[in-house]
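Following: one structure in structure tokens, then a few remarks.
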Amino acid sequence: MPSQFIKDLITLPGFLIHGERKEGERWIFELSLPPHCPICPTCFGRTIKMSSKRKQWIHGYTNTVGLFWIELPIERRRCQACSLTFTVSYPGLPSHSIATESFQQWVAQLCIGKTIQEVARLLQLAYTTVERWFYQYAPALLPTSNPTVVCVDEFAFRKGHDDGVAVMDTQTRNVLSIASGKNEEAIVEALQPVASKVKYVVSDLAPAMRKAMEKVCPKAIHVLDHFHVIQLFTDALERCRKYLAKGGTKHGSVCRVCRLLSQRPEK
């Protein structure tokens, strides 16, 4: 395989190709930096090479080849002026990482439609590593949209009183923003990123929701979700049942039932 083709393939043009081999279904590329003399990160003095016997293995991924491994020497250097010892960092590769950025993005995309635990077991990676990559690159994978109908609801980060507010696009089902807390300030913070284009806001009857909407998006129409509409109707029927069970006929049972079912939710 030509060296220039390998450099363009793995998007690391600044390295020298020492060899490549294929073990099973995965390619392994042996790379190294060209002759250079990195300066000291502290005093910017000249450094000398101490050792480069240890090897570093890094995951990689491309659409044409798929999964592959990169083998790099770990080069230790020492500053001649301040005697600082350090490890040379490679351009284009995240420091102290086991994977290239393209591999991390591919893993994050692989988590869509699967659990993080499934992906971690499939690739034999640590759960926390896959989780960190997913939350780092997942926002860039979401489709950009200008939602006009959003849903605002409360949720719990964990059991207890650690609550939050989430804004979701009702068409794509994507979470647009999250804010900590469930008071008016938290709802305003969650609605601000979408306030310019939103026309309809679906939420419950909490007073904080109504005040936040009037403050952030006053032109938007407030729509009650199905659950709370049915809840209001059920509460009205329950009041009718209790009144009729007591045999109350002071105002006439028919008029009372009609008035309870037709009254405004605020009353």
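None of the figures in this text is laboratory data; all of them are computed from the coordinates on show. Model, not experiment: these values are computed from the prediction. So basically every Cβ, Gly included, is an ideal-geometry build from the backbone, and we count neighbours across all protein chains shown.
What the table shows:
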read-out: Subset of the range 214-240 [closer than 17 Å to N183 by Cα, touching a residue at least 24 places away in the same chain (Cβ under 8 Å) and assigned to a helix (DSSP H, G or I)]; value: K215, V216
read-out: Checking V165 against (1) crowded, with 16+ Cβ neighbours inside 10 Å; (2) out of contact with any Asp or Glu (no Cβ under 8 Å at 6 or more places or on another chain); (3) β-branched (V, I, T), the condition it does not meet; value: (2)
read-out: Qualifying residue in the range 171-178 (condition: touching a residue at least 12 places away in the same chain (Cβ under 8 Å), basic (K, R) and out of contact with any Lys or Arg (no Cβ under 7 Å at 6 or more places or on another chain)); value: no
read-out: Candidates L122, L141 - the one that is under 14 Å from the mean Cα position of the chain (by Cα) and surrounded by fewer than 13 Cβ atoms within 10 Å (Cβ to Cβ); value: L141
read-out: Matching entry among V107, V150 (being touching a helix residue (DSSP H, G or I) at 6+ places or on another chain (Cβ under 7 Å), assigned to a strand (DSSP E or B) and β-branched (V, I, T)); value: V150
read-out: Residue within the range 147-165 that is hydrophobic (A, V, I, L, M, F, W, C) and in contact with a Pro (Cβ under 8 Å, 6 or more places away or on another chain) present; value: no
